[in-house]
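Structure, as structure tokens:
The values are calculated or read from the model by the stated rules, or taken from the named source; none is laboratory data. As the structure is a computational prediction, the values presented were derived from the model and not from experiment. Every residue, glycine as well, gets a Cβ built from its backbone with ideal geometry; the counts of neighbours run over all protein chains shown.
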Amino acid sequence: MKLTKVATALFISSTLLAGCNQQTIQHQAPTIEIADNYQHKLNIYKEVPITTDLSHLSSNQKQLVSLLIEASDIIDELFWLQAYGQDKKSFLSTINNDKLKQFASINYGPWDRLNGDTPFIKGVNHKSLGAQFYPSDMTKEEFEKADFADKTGLYSLVRRDKNGALFALAYSEAYAEQLQRIAAILRKASKLADDKSFSEYLLLRADALLNDDFRQSDFAWMDMKTNMIDVIIGPIETYEDQLFGYRAAFESYVLIKDMAWSEKLAKYAAYLPELQKGLPVSTKYKKEVPGSDADLNAYDVVYVSGHANAGGKTIAVNLPNDEQVQLEKGTRRLQLKNAMRAKYDAIMVPIAQTLIIPEQRKHLTFNAFFANTMFHEVAHGLGIKNTINGKGTVRQSLKEHASALEEGKADILGLYMVRQLLDKGVITEGELADYYTTFMAGIFRSVRFGASSAHGKANMVRFNYFAEQGAFSRNEQGLYSVNIDAMSKAIDSLSATILEIQGNGDYAGVDQLMTEKGLIHSELQLDLAKLEAANIPVDIVFKQGKAQLGLK
């Protein structure tokens, strides 16, 4: 799908005015207009200052954090190119409306990420499903028929040669100048790292950015246990590639570990092998054994950029995505506590007060929100990574649907884990109603992320499935209540469905599931309109940077 860029629209407008009086042209600058129905939709984000206590960091550590922020800013440049195709400064300079400019900055282009990538600027077509990873005139059919090296590679762009044939261009070549700058910063930062394993990771990550081979740096990241400062940086998630889900987008998180909360969470990862065996699905779909080195920690996020900063903000991370690393080492689950708390206070509490029956609002708790989010990330380690019938990895087999189904799996199995660990007495805080009711409010929060979001699609599927199974009810006032027993049964049956689709690499099955249940029906749309009328933010935007942290 060919995009109509803002700059192109302005050029056309100027051309049409060519016959006008020259004096008029001198005084009539091109204007960008807000799309219809967006005049009152630019305030859906609440700005939240991102801070944390850095007083315990040494001078070297503070310098290290500053360098990681500088590297993250270059990552941001790269994601603008992947998402929109033009640098941020050039694009935003064409917008005079301050609110519109901020909204465009949050969305990394003229498309609303929380509304199915709908254009919010007149004269702009819908966003290409392949973003800037593929030629704008390339069809899925052409790609499927083509034969070239690194066709489904995570770390390459698809381009045309002089004869029009498709080929893959490695990120290290396409973005050589920016990646060399980032690598130099990471190597400089490694000299300031007090933790030896962190220093080694930074060096390996610098190398990986220049050779497109991230596995060794992923292994090194998994082996880090004692570092207080952390950074996730590079091409990581594939959500931006909605055409196939093959290409990874650049992003960065700079993090400070919360040692006290991390110590509380450490015990849960040990239960992964036992919980894998108990999954409510036949044995052939749970033969893989989660890595035993997986860990679970809490962090404060102090800076995000690129894909991690686009649209809705992440509150937890489960990485690395490399299936081989996951099978050998497991994953690290990072709970971003300060971001989570901000969303709970600004969004979850008012949603519950608007859409949950009064008798069950007491079951909305931050501990349950934190736990549901945490076990969502832990649950990514459960299930299956490789198909059982030789179709390759689940990610490759399910293509553009892989991310949405994986997010749905993690949500459902996260609730399964909570129920199991409550029964075992491992979780001692709250009752099952807390986790289910908080999860219900969380569905309304995530559904508002829109159809273009993997998390949004997953929540729509789950909401409609739960409705069919009687897991919740809606009264005449439009208030929801959770049916605990029916919810448990629905969790088990949907878990089995998702795990079987993944294990079979059933593309047709997941396509049908998303088509039939990945929709917002009229009744739910009315309920979401209540949230909008109550001026409840859809998400948060970070006020961040060195000055915000008191750094130079």
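Remark: pairs (first residue in the stretch 105-121, farther than 11 Å from G456 by Cβ; second residue part of a loop (DSSP other than H, G, I, E, B) and among the acidic types (D, E); Cβ separation under 8 Å; 6+ apart in sequence or on different chains) = W111/D117; I121/E33. The single residue among K41, K62 that is among the basic types (K, R), outside any strand (DSSP E or B), modelled with pLDDT of 85 or more and within 24 Å of A189 (Cα to Cα) turns out to be K62.
I need the full set of residues from the stretch 236-295 which are part of a loop (DSSP other than H, G, I, E, B) and among the polar types (S, T, N, Q), in order please. Lay out the reasoning, then the answer.
Taking the stretch 236-295 first, the residues part of a loop (DSSP other than H, G, I, E, B) are 236-249, 258, 266-267, 278-282, 286-294.
Within the stretch 236-295, T238, Q242, S282, S292 meet the criteria.
A single member of D322, D300 is under 30 Å from Q82 (Cα atoms), in contact with a helix residue (DSSP H, G or I) (Cβ under 7 Å, 6 or more places away or on another chain), modelled with pLDDT of 95 or more and not aromatic (F, W, Y), and it is D300. Just the residues that are of a type in the set (G, A, S) and in contact with a Ser or Thr (Cβ under 6 Å, 6 or more places away or on another chain), please, taken from the stretch 457-483. Once the filter is applied, which keeps residues that are of a type in the set (G, A, S) and in contact with a Ser or Thr (Cβ under 6 Å, 6 or more places away or on another chain), the stretch 457-483 yields S473, S481.
This table checks each residue for (1) under 26 Å from T354 (Cα atoms); (2) at pLDDT 90 or above; (3) β-branched (V, I, T).
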residue: G383; (1), (2), (3): no, no, no
residue: N386; (1), (2), (3): no, no, no
residue: G392; (1), (2), (3): no, no, no
residue: A402; (1), (2), (3): no, no, no
residue: L405; (1), (2), (3): no, no, no
residue: D434; (1), (2), (3): yes, yes, no
residue: M440; (1), (2), (3): yes, yes, no
residue: S446; (1), (2), (3): yes, no, no
residue: G456; (1), (2), (3): yes, no, no
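Report the residue count in the stretch 538-552 for those that are part of a loop (DSSP other than H, G, I, E, B) and buried (at least 20 other Cβ atoms within 10 Å of the Cβ). If you could, list the steps in order and put the result at the bottom.
Let us first name the residues in the stretch 538-552 that are part of a loop (DSSP other than H, G, I, E, B), namely 538, 544-545, 550-552.
This time we only want the ones that are buried (at least 20 other Cβ atoms within 10 Å of the Cβ), so: 538, 544.
The number of residues fulfilling the criteria is 2.
Restricting G390, G430, G381 to those that are at positive phi, assigned to a loop (DSSP other than H, G, I, E, B) and touching a residue at least 40 places away in the same chain (Cβ under 8 Å) reduces the list to G430.
With respect to K457, is the statement that it is buried (at least 23 other Cβ atoms within 10 Å of the Cβ), basic (K, R) and within 23 Å of the chain's Cα centre (by Cα) true?
Values: buried (at least 23 other Cβ atoms within 10 Å of the Cβ): yes; basic (K, R): yes; within 23 Å of the chain's Cα centre (by Cα): yes.
Yes, satisfied.
In the condition set (1) over 26 Å from Y45 (Cα atoms); (2) more than 13 Å from the chain's Cα centre (by Cα), E406 is compliant with all but (2).
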